[in-house]
1. Skip the ligands, DNA and RNA, and give the accessible area per residue of segment 302-444 with a 1.4 Å probe, whole Å².
2. Residues of segment 298-319 with amide nitrogen under 18 Å from the 7 Å Cα-to-Cβ point of Lys281?
3. Name the lysines eligible as straight-distance cross-link partners of Lys281: C-alpha to C-alpha under 29 Å, and not fewer than 8 places from it in the same chain.
4. Grab the beta carbon distance between Thr67 and Ala313, set R0 = 60 Å, and tell me the FRET efficiency rounded to 0.05.
5. Using 0.36 nm per residue of separation minus the Cα-Cα distance, give me the extension gain between Glu304 and Glu412 in nm, one decimal.
6. Could you give each residue of segment 107-122 its phi-based ³J(HN,Hα) in whole Hz, using Karplus coefficients 6.51, -1.76, 1.60 with θ = phi - 60°, and x for Gly or Pro?
7. Under a point spin-label approximation (7 Å from Cα along Cα-to-Cβ), what is the His499-Arg464 distance to one decimal in nm?
8. Can you find, among Ile416, Tyr355, Val452, the residue farthest towards the positive end of the dipole of segment 345-485? Put +1 on the C-beta of Lys and Arg, -1 on that of Asp and Glu.
Amino acid sequence: MTRPRVRPATSRTASIAAITATTDTPRRRTTRSATPRTTGRPPRRTTATDQRRPRHTPPYTPSVPTTPPIKAARGVRDILPAERAAFAVVEHAAREQARGYGYQDVELPIIEPVELIERGVGGDTDVARKELYRLEPHGDPGDPPREIRTRPPRFRGDPGDGDRDSASRLVLRPEATASMVRAYFQGGLNQGPQPVRLSTIGPFFRHDKPQHLRYRQFVQFDVEVIGDDSPAYDAEVIELTWGWLERMGIRHVSLELNSIGDENCRPQYLRALQDYYRPLKDQLDPDCRRRVEENPLRLFDCKEPQCQPLMAAAPRITDHLCGPCAAAFEEVKSLLGAAGLEYRLNPRLVRGLDYYTRTVFEYQHEALGGAQNSLGGGGRYDGLAAALGYPGTPGVGFAGGVDRVAYMLQHEAGTITPPAVAEVLVLPVGDGLDRAASQVGRLVRAVRSTAVDYSSRSLRAKMRAADRTGARWAVIMNADEAERRIVVLHDMVSGDDRHVAWERLAEAVSPSPSAGEGQGGGE
Ligand code: HAM
């Protein structure tokens with residue numbers, strides 16, 4: 001994969017001036033001597049190539065629009081080449097990092113049954129309550145809702161038939177973990193060697209209020225280890241994901257760590273939390289008042305200023321861990337220490353999803369601030385498989401926000417220049433050269449990415465465009481030289497020109513092994 005590079009801020013404008021000036025050099029005299037300097041275009045000459053095919057059709061004239069332009073939906077965006085280059089770096093680093101630790105890549109569906117998400121992340125979480133994109137029933141508008149046919153599970157661990165006929169019960173996935181666990185069982189990965197290490201990168205959907213770095217469609221890099229409860233896997237996932245941020249040079253990240261216990265010790269802690277909050281209910285916002293009785297751990301998700309001082313003084317879960325949970329937490333901390341990873345213990349960190357047990361962690365970036373400061377997070381979820389109707393199976397994982405990390409990469413590393421549109425641009429000058437230019441393009445494409453500029457613009461305009469796209473070479477063609485099967489090869493970096501026969505062109509632009517070059521254009 002060609003990795004985009006951080007390009008030095010040198011301008012190649014001088015190079016353009018040089019080549020457009022060379023339109024008067026003796027070697028191109030046949031066409032250039034009569035070329036008006038304003039356009040750089042040679043006079044029209046009839047060639048053998050021309051006689052075999054029609055001249056250019058008149059330029060395309062756009063019609064006047066009659067309706068307002070259609071824009072993207074609110075909260076979603078296009079990742080255009082300039083930003084895509086940063087995404088490519090982030091995704092490349094993610095894949096390398098996952099491969100380095102023996103994780104296998106998977107692709108999962110973007111639509112999932114609503115039960116998977118509601119029972120997975122928890123029906124009382126913001127993600128399930130407010131942010132799910134629920135799909136409309138399939139069929140004609142006005143059709144009565146179709147019967148939902150399901151076969152109940154026949155034995156422990158059998159997921160049943162699911163509601164295959166019910167598009168009304170599908171959602172766009174808001175996260176990957178529940179799907180990963182479903183896929184692990186449904187695909188029989190639970191039958192092979194354990195644990196199973198899986199990773200994926202893809203789009204996720206949450207109908208939250210759009211803000212800077214909070215999108216309704218965003219990309220996550222997700223890793224999961226399913227099938228073993230050793231705290232060493234918690235530490236491995238943290239080390240892997242820390243290394244992902246580190247290898248991209250993302251700095252000023254703090255690793256927040258906590259343990260939220262398990263089904264043995266958490267109920268007792270939740271009672272302590274309710275005892276603390278009940279007398280303070282009238283100081284809470286309405287959502288938190290409800291949470292005190294229904295799901296007290298979610299009180300820590302609250303961002304309302306009035307609730308913050310109460311949260312700061314609330315009982316800490318780490319003071320209520322049972323023996324095994326406390327021992328597992330000590331082990332995670334000790335392994336992180338041995339790996340040289342610095343972390344900050346944060347007893348208020350509970351993460352926004354209900355499936356977590358024991359270790360939870362999050363990477364926060366100081367520059368992001370506010371509610372969007374999390375670059376990624378994860379934790380252990382030993383109860384999730386059972387909540388989804390599968391045999392109890394431990395797991396631990398992480399998801400990183402690719403949009404946010406790509407933003408930080410651009411912010412911290414400066415401009416990431418997209419890879420050149422093509423390393424070589426073929427620039428035919430004058431009419432009737434399309435066929436010859438596409439043939440030259442084909443010859444060069446054997447060794448370098450090559451694009452042909454078939455437009456009727458002047459050489460100067462084409463050269464300017466070539467410079468802006470970051471091309472390494474321009475191959476300039478005119479009718480006379482096309483007849484003789486030669487071109488001018490212009491080096492966009494040094495500004496040098498030379499005549500090259502078509503047959504020698506691929507060799508002339510081939511990656512040179514001695515220079516260790518050839519990893520893409522835009523150098
Ligand atoms: P999460 O904390 O909900 O965890 O999301 C992980 C990361 O996805 C966040 O830290 C953030 O960087 C990014 N993210 C989430 N929502 C948005 C959004 N609306 N716009 C942009 N970026 C966003 C999970 O999803 C868990 N499944 C992580 C996990 C995996 N736990 C165990 N295994």
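1. Values: 5290 Å² over 143 residues.
Heavy-atom SASA per residue in segment 302-444 reads 37 Å².
2. Hits in segment 298-319 for Lys281 at 18 Å: 298-300, 307, 310-311.
3. The qualifying lysines are Lys130, Lys209, Lys303.
4. E(calc), rounded to 0.05, equals 0.55.
5. 35.8 nm
6. Residue by residue, segment 107-122 yields 10, 10, x, 8, 9, 9, x, 4, 4, 4, 6, 5, 7, x, 7, x Hz.
7. Roughly 3.0 nm, to one decimal.
8. Looking along the dipole axis, the top candidate is Val452.
The values are calculated or read from the model by the stated rules, or taken from the named source; none is laboratory data. Just so it is clear, the model here is predicted, and its values are computed rather than measured. Please note: Cβ atoms are built from the backbone with ideal geometry, for glycine as well, and neighbour counts cover all protein chains shown. The area values use the complete protein model at the heavy-atom level, side chains included, leaving out ligands, DNA and RNA. Shrake-Rupley method; radii C 1.70, N 1.55, O 1.52, S 1.80 Å.
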